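Asks: Can you keep this structure in mind? I'll have questions shortly.
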Amino acid sequence: MFRNFSSQIAAAAVSKDDSKKVMSPTLRSDVYKVVDQAKVWISGTRGQAGDGVSYGALLSTIQKHFPEVKLGLESVGHAEHEVALIVGGITNMIMEYSMWDSMSGGLAMRTWVDSLIGAYGKAATGQKKDAIAKGITRGINHNTDVNLMTKDFTARIQIISALKSSELG
């Protein structure tokens, strides 16, 4: 699991693209919109992971920024695959946002992690909850593009996490 992730990070460090890009004006608002939608979707409050249709609104917002993100027909209706796609897409959106404003991106990532923890805690127990857990792990390990990660972002994430844990501890 971690070997794959570390090799992706090493490859990302070597192959940085220096092309000039501009941040989408709706990226920040879209990030917080999908984080809120994903929280209720994963928890089963509105829609349900694995029903084959309720992820559509989330996916369309993610596709505004990452049009190549798609869910194959064989994966529709499988909670693990749907959750993995949405978790990876939202994580990519946050890392894209962090390229332009690393501190706000770090705060958005912390919000996303807290939302995932809360949603997972509210999800119904049983096989569905296990599929959601596997989907979250798969989304982070396999569907997240580490080429979007910057040095500033990782440092800010550590600072925010340290401050947050000292508040609670």
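The values are calculated or read from the model by the stated rules, or taken from the named source; none is laboratory data. Here the structure is a predicted model, which is why all the values come from computation and not from measurement. Cβ atoms come from the backbone with ideal geometry, glycine included; neighbour counts cover every protein chain shown. Note: accessible area is taken over every heavy atom of the protein model, side chains too, but ligands, DNA and RNA are not part of it. Shrake-Rupley method; radii C 1.70, N 1.55, O 1.52, S 1.80 Å.
Asks: Taking segment 122-134, which residues are touching a residue at least 40 places away in the same chain (Cβ under 8 Å) and either open to solvent by 90 Å² or more (accessible area, probe 1.4 Å) or at positive phi (or both)?
Replies: LYS122, LYS134 - these are the residues of segment 122-134 that are touching a residue at least 40 places away in the same chain (Cβ under 8 Å) and either open to solvent by 90 Å² or more (accessible area, probe 1.4 Å) or at positive phi (or both).
Asks: Could you list all residues from segment 16-34 that are open to solvent by 70 Å² or more (accessible area, probe 1.4 Å) and in a loop (DSSP other than H, G, I, E, B)?
Replies: Result: LYS16, ASP17, ASP18, LYS20, LYS21, VAL22, PRO25.
Asks: Would segment 98-121 turn up any residue that is open to solvent by less than 20 Å² (accessible area, probe 1.4 Å), hydroxyl-bearing (Ser, Thr, Tyr), assigned to a helix (DSSP H, G or I) and at pLDDT below 85?
Replies: Looking through segment 98-121, at least one residue is open to solvent by less than 20 Å² (accessible area, probe 1.4 Å), hydroxyl-bearing (Ser, Thr, Tyr), assigned to a helix (DSSP H, G or I) and at pLDDT below 85.
Asks: I would also like to ask the following. Which of the residues belonging to segment 41-65 are closer than 16 Å to GLY135 by Cβ, modelled with pLDDT of 85 or more and not small (Gly, Ala, Ser)?
Replies: TRP41, ILE42, TYR55, LEU58, LEU59, ILE62
Asks: Could you tell me whether segment 130-143 includes any residue that is within 14 Å of the chain's Cα centre (by Cα), closer than 13 Å to VAL35 by Cβ and assigned to a helix (DSSP H, G or I)?
Replies: Among the residues of segment 130-143, not one is within 14 Å of the chain's Cα centre (by Cα), closer than 13 Å to VAL35 by Cβ and assigned to a helix (DSSP H, G or I), which makes the answer no.
Asks: Moving on. Considering GLN48, GLN37, GLN63, which residue is assigned to a helix (DSSP H, G or I) and buried (at least 19 other Cβ atoms within 10 Å of the Cβ)?
Replies: Criteria check complete, one pass: GLN37.
Asks: Right, here's the next one. How do the pairs read when you match residues in segment 143-154 that are touching a residue at least 60 places away in the same chain (Cβ under 8 Å) and more than 13 Å from MET109 (Cα to Cα) with residues anywhere that are open to solvent by 40 Å² or more (accessible area, probe 1.4 Å) and part of a loop (DSSP other than H, G, I, E, B), using Cβ under 8 Å and keeping only pairs 6 or more apart or on different chains?
Replies: ASN147/SER15; ASN147/LYS16; ASN147/ASP17
Asks: Name the residues in segment 66-97 that are more than 17 Å from ALA49 (Cα to Cα) and exposed (fewer than 15 other Cβ atoms within 10 Å of the Cβ), would you?
Replies: The answer is PRO67, GLU68.
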